[in-house]
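> After the structure tokens below, expect a handful of questions from me.
The values are calculated or read from the model by the stated rules, or taken from the named source; none is laboratory data. These numbers come from a predicted model, not from an experiment. Here the Cβ positions follow ideal geometry from the backbone for every residue, glycine too, while neighbour counts run over all protein chains shown. To get the accessible areas, we keep the full protein, side chains included, count just its heavy atoms, and leave off ligands, DNA and RNA. Shrake-Rupley method; radii C 1.70, N 1.55, O 1.52, S 1.80 Å.
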Amino acid sequence: MNKKFLNLGLQPLANKYLTKKEKLSNFKEDFYRLEVCFNTKNKLVSLYKKINVKKMFNNNYPYKSSLSLTMLKSFKELSTMIKKKFKPKLFLEIGSNDGALVQNFNKNKVICVEPCSNLAKITKKKGYLTFDKYWNFKLAKKIKSKFKTVNIVYSANTLTHIENLNDVFKSITHILSKNGVLIIEDPSLLECLKKISYDQFYNEHIYLFSAIAVKNIINKFKLEIFDIQVLDTHGGSLRYFIKRTSNKSILINKSVKKQIKKEINFGLNNFSTYKKFAQKVKKSRNKLNNILKKVKKNKNIIIGYGATAKATTILNYCGIDNDTIDFFLDTTPGKVNKFMPGKNIKILPYNKKIIDRTNYMFLGAWNFKKEIFIKESKFISNGGKFITHVPIPKII
Ligand code: TYD
């Protein structure tokens, strides 16, 4: 049974940044009620109302993994580890984005799956076999008929976007070789609850996985987790290494028990934990609004740093408009000169000169805090302050 615990109000589609033309023509944005629920049976946390994927992943998807140094570094390390440990003959990536990971592998050994055609075009151009399709059983059958089996299936920040998890895992087990390994990584529910980072919830993140839920879901496909790595990426993620239960050549690492124990101890099995989280979210909203109000009272300009999908949840839930945050700065070409979804806040291209003239920046891309604080050390040493809401709203 799905029990609701969090209501983040009416929200626009994150990642649907409005163009100037759309703004001028009074384009009617799609709004939906963002509610989050807990499944008491398999312990999976998901959005109550799911949005049609075709509205979200199309030929205009702005996010590119290669634009982030943190992600590039993480993918480089991962590919070295995969090559050393698993020596893949054939590697399939579901949600290959612009090829930030596959570029570390030999072109003949890779299959990319990416439904956003603007991104699929990039890996095709680089010479990687790419299916610009949604991951489903039909596609798995097509790939199997050509390649028989795949040794490594990898998917980062993608499976949480696909509503039909049964189809996802059925399709993966269809093509995974007998001793093949599935590696998935996604934001961690435990980290989200610990950090009160409720902005992990938006239309694209249909699910927020815990190790407990992943274990429960894959069980019926005769799959099991044999290792878990804790990552810093995307505000705290888990990387799950999964094998067929029939494959006894790989031992189960103690990291699996350790993570599940941590999650049980935090209360991820209990609905009451989620109700408490919802209370903390409300407090977080009030505190952030108070901080912004105080800063604004002194006629300060506040810049939003990083026009993230996550920031869309914050702005629309907290009711933050362009009378509070004057504009956002972002390095992604597909976002600049557009407007934050649901709010009349313009996104300008990243510009150091503008930053030099500013005292306050709201950290929209808080998940890249380390990278950003290094990049903006001059702003900080000149007395500039960041405003963040994670883990508690404060000025840094
Ligand atoms: P992302 O981490 O993908 O967050 P979400 O999934 O919530 O959209 O997006 C990070 C955004 O921050 C991306 O648009 C690029 C931007 N950004 C900068 O503008 N400057 C930076 O130095 C970094 C690290 C990110």
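> Given the condition open to solvent by less than 20 Å² (accessible area, probe 1.4 Å), in contact with a helix residue (DSSP H, G or I) (Cβ under 6 Å, 6 or more places away or on another chain) and in a strand (DSSP E or B), answer yes or no: does some residue in the stretch 208-225 qualify?
yes
> Within the stretch 51-66, identify whether any single residue is hydrophobic (A, V, I, L, M, F, W, C), in contact with a helix residue (DSSP H, G or I) (Cβ under 8 Å, 6 or more places away or on another chain), free of Cβ contacts under 8 Å to residues at least 24 places away in the same chain and crowded, with 16+ Cβ neighbours inside 10 Å, and answer yes or no.
no
> Give the residue that is nearest to K55 (Cα to Cα), with candidates limited to residues of the stretch 159-207 that are within 12 Å of the ligand (Cβ to nearest atom) and of a type in the set (S, T, Y).
Step one: filter the stretch 159-207 for residues within 12 Å of the ligand (Cβ to nearest atom), giving 160-161, 186-187, 197, 199-205.
Of the ones still in play, those that are also of a type in the set (S, T, Y) are 160, 197, 202.
Values: T160: 16, S197: 25, Y202: 13 Å.
Looking at residues that are within 12 Å of the ligand (Cβ to nearest atom) and of a type in the set (S, T, Y), I get Y202.
> Something else now. With respect to T19, determine if the residue is surrounded by fewer than 17 Cβ atoms within 10 Å (Cβ to Cβ), within 30 Å of Q103 (Cα to Cα) and hydroxyl-bearing (S, T, Y).
Details: surrounded by fewer than 17 Cβ atoms within 10 Å (Cβ to Cβ): yes; within 30 Å of Q103 (Cα to Cα): no; hydroxyl-bearing (S, T, Y): yes.
In short, no.
> Continuing with the same structure: List the helices (runs of 4 or more DSSP H) inside the stretch 33-133, counting only whole elements, that have at least 1 residues being away from the ligand (no atom under 16 Å from the Cβ), closer than 23 Å to L18 by Cβ and touching an Asp or Glu at 6+ places or on another chain (Cβ under 9 Å). Step through it out loud before you land on a result.
Working: elements: 53-56, 69-86, 117-125.
Where helices (runs of 4 or more DSSP H) fall fully within the stretch 33-133 and carry at least 1 residues being away from the ligand (no atom under 16 Å from the Cβ), closer than 23 Å to L18 by Cβ and touching an Asp or Glu at 6+ places or on another chain (Cβ under 9 Å), they are 53-56, 117-125.
> While we're here: Is it the case that some residue within the stretch 244-266 is crowded, with 20+ Cβ neighbours inside 10 Å and of a type in the set (A, V, I, L, M)?
Checked the stretch 244-266: no residue is crowded, with 20+ Cβ neighbours inside 10 Å and of a type in the set (A, V, I, L, M).
> Continuing with this model, one more query. Just a yes or no: is a residue in the stretch 315-322 in contact with a Gly (Cβ under 7 Å, 6 or more places away or on another chain), assigned to a strand (DSSP E or B) and either open to solvent by 10 Å² or more (accessible area, probe 1.4 Å) or within 16 Å of the ligand (Cβ to nearest atom) (or both)?
no
> Please indicate, with yes or no, whether at least one residue in the stretch 3-11 is within 16 Å of the ligand (Cβ to nearest atom) and not aliphatic (A, V, I, L, M).
Initially, the stretch 3-11 is screened for residues within 16 Å of the ligand (Cβ to nearest atom), giving 8, 11.
Cutting the leftovers down to not aliphatic (A, V, I, L, M) gives us 11.
Scanning the stretch 3-11 turns up at least one residue that is within 16 Å of the ligand (Cβ to nearest atom) and not aliphatic (A, V, I, L, M).
> Another question, then. Out of the stretch 109-147, which residues are open to solvent by 20 Å² or more (accessible area, probe 1.4 Å), more than 19 Å from N60 (Cα to Cα) and touching a Leu at 6+ places or on another chain (Cβ under 9 Å)?
Within the stretch 109-147, K109, F147 qualify.
> Taking the condition of being assigned to a strand (DSSP E or B) and either out of contact with any strand residue (DSSP E or B) (no Cβ under 9 Å at 6 or more places or on another chain) or within 16 Å of the ligand (Cβ to nearest atom) (or both), how many residues in the stretch 142-158 meet it?
The qualifying residues number 2.
> Does D186 meet the test of being open to solvent by less than 20 Å² (accessible area, probe 1.4 Å) and over 18 Å from I111 (Cβ atoms)?
Yes; evaluated as a whole, the condition is true for this residue.
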